[in-house]
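Engineer: Let me begin by handing over the structure; questions about it come next.
Values in this text are rule-based calculations from the coordinates and carry no lab data. Keep in mind it's a predicted model, so treat the numbers as computed, not measured.
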Amino acid sequence: MVIRFIVFLVINFAALGIGGFFTGSGVTSEWYLNLNKAPWTPPGWVFGAAWTTIMILFSIYLAILWPEIEEKRPLILLFGASWLLNVGWNPLFFHFQDVFIALVTIIGLTAIIIWIMFKYWNEVTYFSLLLLPYIVWLVIATSLNAYIYLKN
C-alpha cells in the first residue's frame, strides 16, 4: 500500500510540477492581473493548499483502488486522461491564453474524476469519498474559468 501510494503521489505531483512550469509567470502576468475575475476567486495560497491536499487524497484513493480491480486498463486510461487534462490546463490558460479551450479541458477533467468515482464505487465504497474534495475544487475552478471566459 505504501509503495503504491508513493508511486501515485510522485505521478500526481509531477502533473502539478509540469503544470506549474507551464504556468510560469502567468499568475503575476499583466494579462492575468487585468482579467475580470470572479468575486469568489480565492487568494493565491489557496490554490497550492487545495492542490496539495487533493493530490494526497487522490493518491491514497488510487493506492487503495489498485489491488481491488482485476481489469486495470480502464483505470489506467481514465487516470492517464485525467493526468493529461490536469497538466494541459495550465499552458492552455496561462501560456496560450485560450480561456475557452482551458474551460473545455477542466470540464473534461471534472467529468473524468466523477466518472472514476462512480465507476469504482462498488470496489472501494466509502473510500470513493476521498475524491469529493477533488470534485468540489474542480467545480470551483471550472466556475472561475467560466467567469473569466464569459466576462472578458
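Engineer: Select one label from (1) 47; (2) 21; (3) 25: the one whose number is percent of Cα pairs over 26 Å apart as derived from the coordinates shown.
Structural biologist: Computed from these coordinates, percent of Cα pairs over 26 Å apart corresponds to label (3).
Engineer: Then there is this: Pull out the extension gain between Thr41 and Ile76, defined as 0.36 nm times the separation in residues minus the alpha carbon to alpha carbon distance; nm, one decimal.
Structural biologist: Values: separation 35, 0.36 × 35 = 12.60 nm, distance 3.27 nm.
This chain segment gains 9.3 nm when fully extended.
Engineer: When only Cα pairs under 8 Å and 6 or more residues apart are kept, what is the percent relative contact order across the range 2-151?
Structural biologist: Numbers: 136 pairs, mean separation 51.2, N = 150.
The normalised contact order for the range 2-151 reaches 34 percent.
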